[in-house]
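For reference, the structure is listed below as structure tokens.
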Amino acid sequence: MNILIKSATIIDSKSEFHNSTQDILIENGVITSIAKSIKNTNKYQEIQLDNLHISQGWFDSSVSFGEPGFEERDTIENGLKTAAASGFTAVAMNANSNPVIDSNSNITFVNAKAQNHAVSLLPIGALTVGSKGEDLAELYDMKSAGAVAFYDYKKPISNPNLMKIALQYASNFDGLICAFPQENKIAGHGVMNENITSTILGLKGIPAMAEELQIARDIFLLEYTGGKLHIPTISTAKSVELVREAKQKKLNITCSVAIHNLYFSDATLSDFNTHFKVLPPLRLQSDIDALIEGIKDGTIDMVTSDHNPIDVEHKKIEFDHAKNGTIGLESAFGALQSIFTIKKTIDLLTKGKSRFGLENTPINIGNKADLSLFNPDTKYTFSKNDIISKSKNAIFEGEALKGKVYGIISNNKVSINS
């Protein structure tokens with residue numbers, strides 16, 4: 001792949017060309033020249049786009065595609081196409097398929113399906129067999145096959161001894177354990193945040209305490225084992241405090257937050273729209289403020305779209321019975337830019353790579369081209385026309401967002417939106 005990018009503003013604090021507008025020459029997937037003006041003497045393909053900005057490739061630490069088993073929701077092929085069109089050069093895929101990805105052969109299958117794509121797919125293996133929370137899955141075998149972490153997607157480990165053993169065992173091979181933060185005995189059959197809104201709507205609530213108790217327990221276990229823990233999608237102010245305190249103790253802990261939990265509060269549920277039924281649930285504005293503060297001070301390590309396609313049969317039904325989840329890859333950039341500056345948005349979209357075994361590749365001469373291309377200034381209303389996923393359960397549908405993605409250059413391939 002040989003490409004000449006013309007007049008691109010580089011947003012990359014790790015690059016010597018940060019904040020400057022340059023031409024970039026890429027030959028055989030490697031950046032060979034960066035300069036104010038580069039002549040196209042070899043007649044390479046040129047990329048010249050309106051208000052073009054580029055950054056290091058974006059990474060999402062939590063996506064679901066359905067395949068194998070739930071192809072009606074989405075496939076790996078279309079999921080990676082969606083990720084590319086949304087500006088992501090790497091995604092970590094959850095194990096919530098059928099069968100659950102809980103063995104060496106399952107990881108091998110996923111890797112085979114994802115070969116020869118511009119987007120790198122990083123498989124997350126299930127933490128327990130069948131994600132049932134009873135017996136540890138084949139963690140080391142999955143790690144050997146390419147699993148980057150272990151997580152029972154949206155399913156907490158209720159047995160503290162099992163979590164302790166998982167942290168101890170995985171530390172032998174630098175394995176990353178992910179623990180969903182919810183105590184189900186407290187959450188019960190709740191379908192949204194427990195607060196005045198749930199009372200008014202007559203819906204069962206999930207108390208913030210359900211999340212915070214589980215996080216406190218897992219931090220205690222982490223302190224005892226000295227393992228390596230990632231807590232995906234925290235959602236409350238107290239959760240931010242707990243993680244902040246754990247980091248002050250120098251524990252090996254990271255956490256993420258779903259972008260929609262930074263944008264919407266539980267008040268959005270007043271019309272029972274099941275697009276807004278997510279887990280963890282949308283919380284209070286005070287929680288949103290604390291989450292944003294946690295991002296700014298580094299307590300929260302990364303953001304995720306928490307992209308989870310759900311078929312219409314499980315979404316367009318009564319709120320109590322609808323499945324949790326929203327798609328989010330397509331809206332991630334525009335939503336974040338509606339909250340943060342462009343530089344902070346790019347920082348968030350490129351963080352978390354090393355935690356999941358990915359290298360950071362600054363935009364410098366001699367480095368591999370791993371790039372996201374975008375126009376940060378385009379304003380638009382997110383609609384069904386912006387959805388590439390097979391499922392259409394988009395929480396951001398109808399929202400005014402900011403920023404247009406042009407595509408990516410990665411893995412010696414170019415994927416530019418038409």
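The values are calculated or read from the model by the stated rules, or taken from the named source; none is laboratory data. Predicted, not measured: the structure shown is a model, and the values here were computed from it. Reconstructed Cβ throughout: ideal geometry from the backbone, glycine too, with neighbour counts over all protein chains shown. In case anyone asks, the SASA skips ligands and DNA or RNA and just uses the protein heavy atoms, side chains included. Shrake-Rupley method; radii C 1.70, N 1.55, O 1.52, S 1.80 Å.
Key figures for this structure:
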quantity	calculated
³J(HN,Hα) computed for each position of the range 322-332 - Karplus, 6.51 cos²θ - 1.76 cosθ + 1.60, integer Hz, glycine/proline x	5, 6, 6, x, 9, 6, x, 4, 5, 9, 4
Simple spin-label estimate for ASP297 and THR199 in nanometres, 7 Å along Cα-Cβ	3.0 nm
Choice from GLN214, GLN48, GLN182 with maximal GNM fluctuation in the chain (Cα, 10 Å cutoff)	GLN48
Share of carbon and sulfur in the accessible heavy-atom surface of the chain [1.4 Å probe, %]	48 percent
In degrees, nearest ten, helix 160-170 long axis to first principal axis of the chain (Cα)	30 degrees
J(HN,Hα) series, the range 278-286, from Karplus relation 6.51 cos²θ - 1.76 cosθ + 1.60, nearest Hz, glycine and proline x	9, 9, x, x, 5, 10, 8, 4, 5
Candidates ILE124, ILE107, ILE34: whichever shows maximal mean-square fluctuation once the chain is modelled as a Gaussian network with Cα springs under 10 Å	ILE34
Pairs of lysine residues in the range 1-144 - Cα separation under 20 Å, sequence separation of 8 or more or cross-chain	7
Nonlocal amide H pairs with ILE206, under 5 Å, H built at 1.01 Å	VAL191, MET192, ASN193, GLU194
Estimated [θ] at 222 nm from DSSP helical runs (n ≥ 4, -39500 (n - 2.57)) normalised by residues in the chain, nearest 500	-7500 deg cm²/dmol
Per residue value of the accessible surface for the range 9-147 (all protein chains in place, 1.4 Å probe), Å²	40 Å²
Of the GluC sites (Glu not before Pro) in the range 89-186, those whose Cβ has at most 16 other Cβ within 10 Å and which sit in DSSP loop	GLU134
Pairs from LYS316/LYS392; LYS315/LYS390; LYS154/LYS204; LYS228/LYS351; LYS250/LYS344 whose Cα-Cα separation, in the structure shown, is over 22 Å	LYS250/LYS344
Gaussian network model of the chain, Cα within-10 Å springs - most flexible of GLY29, GLY87, GLY79	GLY29
Semi-axis lengths, Å, the range 1-98, gyration tensor of Cα atoms, sqrt of 5 times eigenvalues	34, 15, 11
Solvent exposure of the range 164-247 as accessible area per residue, Å², 1.4 Å probe	41 Å²
Volume per residue of the C-alpha convex hull in the chain, rounded to whole Å³	127 Å³
Solvent exposure, largest accessible area first (probe 1.4 Å, DNA, RNA and ligands not counted), of ARG283, ARG73	ARG73, ARG283
FRET efficiency, LYS185 to GLN48 (Cβ-Cβ, R0 45 Å, nearest 0.05)	0.20
Residue-by-residue Karplus 3J(HN,Hα) for the range 217-225, coefficients 6.51, -1.76, 1.60, Hz, glycine and proline x	4, 5, 5, 4, 5, 5, 4, 6, 8
GluC sites (Glu not before Pro) within the range 247-346, DSSP loop, no more than 11 other Cβ atoms inside 10 Å	GLU318
